[in-house]
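A short write-up of the structure that comes next.
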Amino acid sequence: MLQKVQLSTDVTLVCTQHALSTEKEEIMGLLIGEVHNDGTLVSIVSSVILRRLDKKPDRVEISEEQLVQATLRAEELATEVGRPLRVVGWYHSHPHITVWPSHVDLATQSMYQRMDPTFVGIIFAVFLTDQSAKAPSIQITCFQSFNEGSTQSRREIELELTSNNKSLTLNNFEILTQLPTILKEEEDEAYKNDVGDNEVDDIINKQHNVAVRTIAIGHIVEKISRPMLETLVARNTINNIRLKALKKKHQELMSKLENTTNIQS
Ligand SMILES: [Zn+2]
């Protein structure tokens, strides 16, 4: 029975960014990883961001097509790194509500588990506010569902954040930087659908839809693209400092090695 899930910190970053992209709707995606020790441990190394098919505030659904695409992506990654990677779970967000899975979540989870017993669900609860905390906080839970009579219950799975899956760092940064594009595509689609519903000659409606789209894109730039750019620039600065320090250390060690070799010979 599945005991523990290891989630790479880079994937956590991608999922959290994705979850923080909207306060109004739930977002979702799939998780790629490996199953170890006869199914007692699952390690997650990548995510696949899914476009919302239908923007409903409290509902998330994965289509067959999205599942197939994620499976293909997992196969690509598996070949790239030479490890048996596959789709091992799904994630979604709970903006402004408790982290615990709803009945619908447990039913969805149960359906996936029937196909794959090690399949896991992860929920990112975001924009949580309580009186004691100054800033909104984030909570993460990892769960599976089990049948208790005729109802499904939640089984919490131990979740460990880990940074030891370095080979996929680049892949995860690519996904992170794709996020604004995916969000913009969703807005374009919503705009197209709205325009389709209205009379072509209704100028007020048309202006309204254009304005809504402009606000939405401004939101993506302000809340996602700009903070992401700032974060990545800061990370780059830190990496450069680290690189400099490591180069210095390398030089020191090399000259030490040279000295030792000289003494020996
Ligand atoms: Zn949910």
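Every number in this text was worked out from the coordinates using simple rules, so none of it is lab data. Since the model is a prediction, treat every value here as computed from it, not as a measurement. When we count neighbours, we look across all protein chains shown, and the Cβ atoms used for this are built from the backbone with ideal geometry, even at glycine.
General remarks:
- Each Lys and Arg adds +1 at its Cβ and each Asp and Glu adds -1 at its Cβ; summed about the Cα centre, region 135-265 shows a dipole of about 1300 debye.
- Distance violations [Cα-Cα > 24 Å] among 24/134; 134/223; 4/223; 24/184; 24/192; 24/223: 4/223
- Tilt relative to the chain, helix 103-115 - C-alpha long axis, 0 to 90 degrees, to 10: 60 degrees
- Spin-label zone in region 168-193 - amide nitrogen under 20 Å from a point set 7 Å from the Cα of residue 9 along the C-beta vector: 168-177
- If R0 equals 51 Å, the separation of the Cβ atoms of residue 188 and residue 254 corresponds to a calculated FRET efficiency of about 0.40.
- At R0 = 25 Å, FRET efficiency that the Cβ-Cβ distance of residue 240 and residue 127 yields, to 0.05: 0.15
- For the chain, the Kirkwood radius over C-alpha pairs fed into Stokes-Einstein at 10 °C and 1.306 mPa s yields D = 76 µm² per second.
- In the chain, the calculated helix contribution to ellipticity at 222 nm averages -17000 deg cm²/dmol per residue, counting -39,500 (n - 2.57) for every DSSP H run with n ≥ 4.
- Computed from label points 7 Å out along Cα-Cβ, the spacing between residue 134 and residue 102 is 3.4 nm.
- Annotation: amide H of residue 89 within the under-5 Å range of 31, 120, sequence separation 5 or more or interchain, hydrogens built in the peptide plane.
- Highest GNM mean-square fluctuation among 29, 121, 82, for the chain modelled with Cα contacts below 10 Å: 82.
- The distance from the alpha carbon centre of region 16-38 to that of region 115-160 is 12 Å, rounded to a whole number.
- The equivalent ellipsoid of region 167-261 has semi-axes of 53, 12, 5 Å, largest first, where each one is the square root of 5 times an eigenvalue of the Cα gyration tensor.
- Residue of 16, 108, 151 that the Gaussian network model of the chain assigns the largest fluctuation, springs spanning Cα pairs under 10 Å: 151
- The residue 151 and residue 40 beta-carbon pair, evaluated with R₀ = 35 Å, returns a calculated FRET efficiency of approximately 0.85.
- Most positive-pole-ward Cα, 255, 115, 101, against dipole of the chain from beta carbon charges: 255
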